[in-house]
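Coordinate-derived values only; no laboratory data. Note that the coordinates shown come from a computational prediction; the quantities given were computed from them, not determined experimentally. For neighbour counting, all protein chains shown are included, and Cβ atoms are generated from backbone atoms with ideal geometry for every residue, glycine included.
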Amino acid sequence: MEHISDADFLDIINIVKLQYGYDFTGYVQASLKRRVLRFMGRTNILTLFDLKHQLVNNSDLFTQLVQYITVNVTEMFRDPPFYRTLREDVLPKLAAYPNIKIWHAGCATGEEVYSMAILLQETGLLNRTKLYASDLNPMNLERAAAGILPLDNMKDYTYNYIQSGGLADFSNYYTARYDNVIIKKELRTQINFFQHNLVTDTVFNEFQLICCRNVFIYFNRDLQSHVLNLFYDSLSPRGYLALGIKESMRIADVHGKFETVNGPHKIYRRKV
Ligand SMILES: C[S@@+](CC[C@H](N)C(=O)[O-])C[C@H]1O[C@@H](n2cnc3c(N)ncnc32)[C@H](O)[C@@H]1O
């Protein structure tokens, strides 16, 4: 099969919404359709009729579909200059608060929030910071909370860490075990992992910094606007918002509520 009509696509979205409560209506259609088609290829589902039938009757298939269509690619110290800016410009400002709350929305398997924990430890802020890390996908959260990462990735992550201005021995932050590493306990205990869907869930706390990187690119303009308003309402006055390097705040109704702190690294600040 090479194509999904808009009507079939809508049927699939509606089944998922009614049956499981996940709303993918506001995701960029072209890329979502491509992923659904690839998923059908991988799972040997030959017709859309069969896909719809199985989605209604087989929750395991739905779990596999979510795992496939939510893009889970991540890495530690991804886009190292972004972390350098956090280290040099943003965290020193947050240091003025007696207690700091940071939310990583769309944290995938945890690499981003563990990078933040390392930065906070190196800047002396970790013990007065609470980190909240959320994702739509429970399988990602389970892996993230375990703090176990493939040993093979550590070479690239060490390089990223050094590029981001890190001066310590990166291997101090994990213990190697066979083919994996486990992130040190003192970094893990400050992080609260939990499920939160940016489409349907609401404000749950007030933060000095929200990171939502490489999630927006999958959302259409209306959904981006909805989520930016959710972040505005979740930030303390003058709180920071970081988006991914390929993302930006072009949405008219929220643009005026934020000022740009660092354009290339997509760091913004709530105005009041
Ligand atoms: C490409 S990963 C980005 C991970 C990390 N922020 C980074 O930049 O490395 C995108 C993540 O967004 C999550 N996601 C997608 N839609 C979401 C939603 N509606 N609410 C919360 N998380 C969502 C996916 O499950 C996935 O883990």
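Quick look at the values:
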| item | result |
| --- | --- |
| Local electrostatic count, residue 215, Cβ distance below 10 Å [Lys/Arg +1, Asp/Glu -1] | -1 |
| DSSP bridge pairs, the chain: antiparallel proportion in percent, nearest 5 | 45 |
| Distance in nm between pseudo-label sites at residue 88 and residue 162 (7 Å out along the Cβ direction from Cα) | 1.9 |
| Loop-located trypsin sites (Lys or Arg not before Pro) in the stretch 192-272, at most 15 other Cβ atoms within 10 Å (DSSP) | 246, 250, 271 |
| Helix-only mean residue ellipticity at 222 nm for the chain, each DSSP H run of n ≥ 4 adding -39500 (n - 2.57), per residue, nearest 500 | -12000 deg cm²/dmol |
| Added length on full extension, which subtracts the Cα-Cα distance from 0.36 nm per residue, residue 64 to residue 127 | 18.9 nm |
| Residue of 120, 198, 48 that the Gaussian network model of the chain assigns the largest fluctuation, springs spanning Cα pairs under 10 Å | 48 |
| Relative contact order computed over the chain (Cα-Cα under 8 Å; 6+ residues apart), in percent | 17 |
| Equivalent-ellipsoid semi-axes of the chain, from the Cα gyration tensor, Å, largest first | 33, 23, 16 |
| Formal net charge of residues neighbouring residue 272 (Cβ-Cβ distance under 11 Å; K, R +1; D, E -1) | +4 |
| Within a Gaussian network of the chain (alpha carbon springs, distance under 10 Å), most fluctuating of 18, 126, 141 | 18 |
| Links that overshoot a 28 Å alpha carbon limit, given the list 33/271; 93/266; 184/246; 33/184; 101/271; 155/246 | 33/271; 184/246; 33/184 |
| Cα lying deepest toward the dipole's positive end in the chain, options 94, 71, 27, charges on Cβ | 94 |
| Options 166, 7, 150, ranked by Cα towards positive dipole end of the chain, top entry (Cβ charges) | 166 |
| For the chain, size of Cβ-based charge dipole, Lys and Arg +1, Asp and Glu -1, in debye | 620 |
| Theoretical gain in end-to-end length, residue 75 to residue 19 [0.36 nm per residue, Cα-Cα removed] | 16.9 nm |
| Choice from 236, 248, 171 with maximal GNM fluctuation in the chain (Cα, 10 Å cutoff) | 171 |
| Net lengthening on full extension, residue 145/residue 272 (0.36 nm per residue, minus Cα-Cα) | 42.3 nm |
| Normalised contact order of the stretch 227-268, rounded percent, pairs of Cα under 8 Å and 6 or more residues apart | 43 |
| Positive minus negative residues near residue 82 (Lys, Arg vs Asp, Glu; Cβ under 9 Å) | +3 |
